[in-house]
1. Quick check on my filter: what residues within region 155-212 are part of a loop (DSSP other than H, G, I, E, B) and closer than 17 Å to Y281 by Cα?
2. Name the one entry in A113, A174, A155 that is more than 16 Å from ligand 2 (Cβ to nearest atom) and out of contact with any strand residue (DSSP E or B) (no Cβ under 6 Å at 6 or more places or on another chain).
3. For region 283-299, check the following and say yes or no: at least one residue is at pLDDT below 70 and surrounded by fewer than 15 Cβ atoms within 10 Å (Cβ to Cβ).
4. Can you find a residue in region 27-34 that is more than 16 Å from ligand 2 (Cβ to nearest atom), over 29 Å from F221 (Cβ atoms), of a type in the set (A, V, I, L, M) and modelled with pLDDT of 75 or more?
5. Give the number of residues within region 131-150 that are of a type outside the set (A, V, I, L, M) and touching a Pro at 6+ places or on another chain (Cβ under 9 Å).
6. Kindly list the number of the only condition in (1) in contact with a helix residue (DSSP H, G or I) (Cβ under 6 Å, 6 or more places away or on another chain); (2) surrounded by 19 or more Cβ atoms within 10 Å (Cβ to Cβ) that fails for N74.
7. When you go through R89, R101 one by one, which is the residue that is more than 10 Å from ligand 2 (Cβ to nearest atom) and at pLDDT below 85?
8. Conditions: (1) touching a Gly at 6+ places or on another chain (Cβ under 9 Å); (2) more than 16 Å from ligand 1 (Cβ to nearest atom); (3) closer than 24 Å to E172 by Cα. Q122 meets all but one. Number of the miss?
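The values are calculated or read from the model by the stated rules, or taken from the named source; none is laboratory data. Note that this is a predicted model, so its numbers are computed, not measured. Here Cβ is always computed from backbone atoms with ideal geometry, including for glycine, and neighbour counts include all displayed protein chains.
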Amino acid sequence: MMPKGKILNMEDAFAQMEKLARSREQSPQQISRFQQSDESRQRGSSDPLTFGTTSPACVCSQSPTGIYMKSKGNRCEFAVCPACDPQVRCEECGGTGQLRRFNLLTLKDEIIAGACSCRTAQKRAELLNKIQLPQRYCSASFDTLQLDHLGKNSALIQKLTDCRERVLNFCENAAGYLSEQESAPEKIFLTLLGPVGTGKTLMGCAALKWFVEETGCTARFVDFLFLLSQLRETYTQNSSEEKILKPLREADVLLIDELGKGRAEKAWQMEKLDDLINSRYNEGRVTILTTNYLPPEATYDPVRAGFRSAPANESFWEQSLPERIGARMYDRIVESSVFVDFIGLPSFRRHNAEGFLQRHRAESAKES
Ligand SMILES: [Zn+2]
Ligand SMILES: [Zn+2]
């Protein structure tokens with residue numbers, strides 16, 4: 001400001017006024033964020049020389065989609081990085097997400113129906129959240145296959161890589177169908193078989209995310225035991241199970257994890273599940289199932305499955321899938337499924353438990 005008691009000449013006074021006017025014009029609120037240079041965006045720090053305000057820091061590690069994950073209780077949340085959101089820098093819509101056009105007839109600015117294409121990241125993040133992935137599967141991706149637990153065993157590495165290829169192949173076929181560019185594939189169910197911890201659920205979750213990211217469809221994850229307990233709750237509370245089942249029937253892609261798990265299901269619960277599977281089959285909806293139980297003709301070889309001997313208290317060792325879920329549901333699944341078996345792969349959960357915990361702790365520490 002003008003120093004007190006000092007007489008300025010006219011030239012200095014004008015220079016002061018001009019400076020003041022310029023700083024008002026460039027108040028932070030008036031600078032559209034898409035005008036920021038890439039450099040300042042990446043740096044994410046305040047740059048008083050240029051803006052006099054703090055630009056948001058990148059939290060997505062420059063992800064090409066601009067989407068990142070943050071933990072929220074036992075779930076994770078997907079959000080759009082404030083620094084990399086394509087909407088913020090969109091020159092088409094000026095960051096509003098809406099496109100306008102001057103109507104020559106009404107002589108008014110009008111909003112064009114449908115959002116600007118820069119809104120895709122926001123929509124994708126919302127769809128990813130609607131999957132309701134358990135936190136430990138949020139980072140599942142076809143691009144980051146965990147192979148550490150297989151050591152240098154090339155046969156096992158080949159096996160898991162083949163599983164990934166087959167799952168991805170199913171997804172690509174189904175994606176053409178979901179985007180209405182191709183007719184329905186012969187099999188619209190994908191069933192992943194194998195012992196606990198071999199990567200079935202991880203692969204299934206990678207598929208759910210892939211479908212959302214590639215096609216913008218709706219996807220849902222549901223744990224079999226959790227679903228049974230939810231159904232039981234509606235029964236004891238005398239409320240309708242429709243609230244629970246409707247979104248599962250209608251999701252473009254549904255993953256039912258650990259099919260057949262638990263014991264002593266009531267007949268009516270299995271009937272509801274039977275209806276769900278049937279409805280998805282009849283409506284041609286893409287469905288992914290994972291299960292520890294095998295078809296009756298297959299058996300587990302404990303050694304190949306990574307155990308020294310048959311594990312105690314593991315019912316999947318003694319019972320087959322149709323024994324667990326009933327012949328009717330089983331037949332439907334067999335008829336409509338591409339099967340991918342993870343049998344013979346060791347459990348990465350046991351091998352990696354410590355490594356996983358360490359990574360998880362490090363991530364939690366970083367986030368807090
Ligand atoms: Zn970012
Ligand atoms: Zn835009």
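1. Listed by number, the residues that qualify are S183, A184, P185, E186, K187, I188.
2. A155
3. Yes.
4. no
5. Total satisfying the criteria: 1.
6. (2)
7. R101
8. (2)
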